[in-house]
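This report concerns only the one structure given below.
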Amino acid sequence: MDRNNIDKIAKTPEDRLLLAKVWDKINAGLRKSIPANSCFLSPRELELTRLLFGEPEGLYRFGGFADAERQMLVYLPEYLEEESLYYDDSPVACLRAVYYEGDSLTHRDFLGALMGAGVARETVGDICVGKGSCDFFVSREIAPYLLQNFTSAGRTKFRLSEIPLTEASIPEPEIREIRDTLASCRLDAVISSGFHIGRSLAADYVNAGKAAINGLPCTKPDKTVSEGDKVSVRGLGKCKLHQVNGQTKKGRISVLIHRYV
């Protein structure tokens, strides 16, 4: 962990500013041995913070539920367990909007309404829309404001209340399981298998700057993809190298890829 690495890791001036803010907040927590957290971060921003901080003990990525896409970087001193992130004083709050089931609201409707209410994007995590209700995650400090002032999305009125994080309704992602064998876990090979396209076409997508690993753009077709990495390709979608199961008798690598549909 070295603050001087910010300039090496940042890709843009905005990255440098963000990483500096996150560093100052987390480092203050480390020095004082008190809980500290960042704002909500995108997958790309989370990967940048991983490059900066590594995986030290006491540092967690938390968005209110397992596998949240937008998460905070949270430092917990040794006297606090990870489970404390779900307690009432968690830096993340879950709000539930309940409305007429016949009104078809979308993620975009709720996000637009939140931005229209003057809420900064960095204070909003995942938005989980269901039938007649929507559970969404926000920074603890803005929850009281929303509970008093956030009453509609477009023309649809709703009742808003805070619920425990453990009671949030999270829709299961739709995935297609792909079992395959690869010569290696190169990026172009994973894209080829995950999206059922030729290896050369997969390499073309990468060379054209359309591919990313864990949110970070990658233009190297031979970049190694590790188990658990998420790969996105503009125009194709997202997939995850869910499992690497070892070598077959023919020396190829058996993998399980989850493609999000």
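Table for the structure above
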| read-out | value |
| --- | --- |
| Residues of the range 82-125 that turn out to be outside any helix (DSSP H, G or I) and either more than 18 Å from P164 (Cα to Cα) or open to solvent by less than 10 Å² (accessible area, probe 1.4 Å) (or both), as a count | 20 |
| The range 117-135 residues that are more than 14 Å from G102 (Cα to Cα), paired with ones that are in a strand (DSSP E or B) and open to solvent by 30 Å² or more (accessible area, probe 1.4 Å) (beta carbon under 7 Å, 6 or more apart) | D135/R96 |
| Count of residues meeting criterion [surrounded by 12 or more Cβ atoms within 10 Å (Cβ to Cβ), more than 24 Å from the chain's Cα centre (by Cα) and either more than 16 Å from T106 (Cβ to Cβ) or among the polar types (S, T, N, Q) (or both)] in the range 156-169 | 3 |
| Residue list for the range 156-191, restricted to those being part of a loop (DSSP other than H, G, I, E, B), closer than 30 Å to C128 by Cα and in contact (Cβ under 8 Å) with a residue 12 or more places away in the chain | F158, P164, A168, S169, I170, P171, P173, E174 |
| Number of positions in the range 219-235 that are farther than 18 Å from V255 by Cβ and under 21 Å from the mean Cα position of the chain (by Cα) | 2 |
| Sole residue being in a loop (DSSP other than H, G, I, E, B), out of contact with any His (no Cβ under 9 Å at 6 or more places or on another chain) and not β-branched (V, I, T), chosen from E45, E69 | E69 |
| Condition broken by S200, with the remaining ones in (1) open to solvent by 60 Å² or more (accessible area, probe 1.4 Å); (2) closer than 25 Å to G64 by Cβ satisfied | (2) |
| Among residues of the range 10-42, those that are in a loop (DSSP other than H, G, I, E, B) and either surrounded by 14 or more Cβ atoms within 10 Å (Cβ to Cβ) or not basic (K, R) (or both), counted | 9 |
| Selected residue (criterion: most open to solvent (accessible area, probe 1.4 Å)) from residues of the range 132-155 that are of a type in the set (A, V, I, L, M, F, W, C) and not in a strand (DSSP E or B) | L147 |
| Positions within the range 220-261 being closer than 21 Å to L201 by Cβ, part of a loop (DSSP other than H, G, I, E, B) and of a type in the set (D, E, K, R), in sequence order | K220, D222, K223, D229, R234, R252 |
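The values are calculated or read from the model by the stated rules, or taken from the named source; none is laboratory data. Bear in mind that the values here come from a model prediction, so they are computed numbers and not experimental data. Here the Cβ is made from the backbone with ideal geometry for all residues, glycine too, and neighbour counts use every protein chain on show. Heads up: the accessible areas ignore ligands, DNA and RNA and are worked out on the full protein's heavy atoms, side chains in. Shrake-Rupley method; radii C 1.70, N 1.55, O 1.52, S 1.80 Å.
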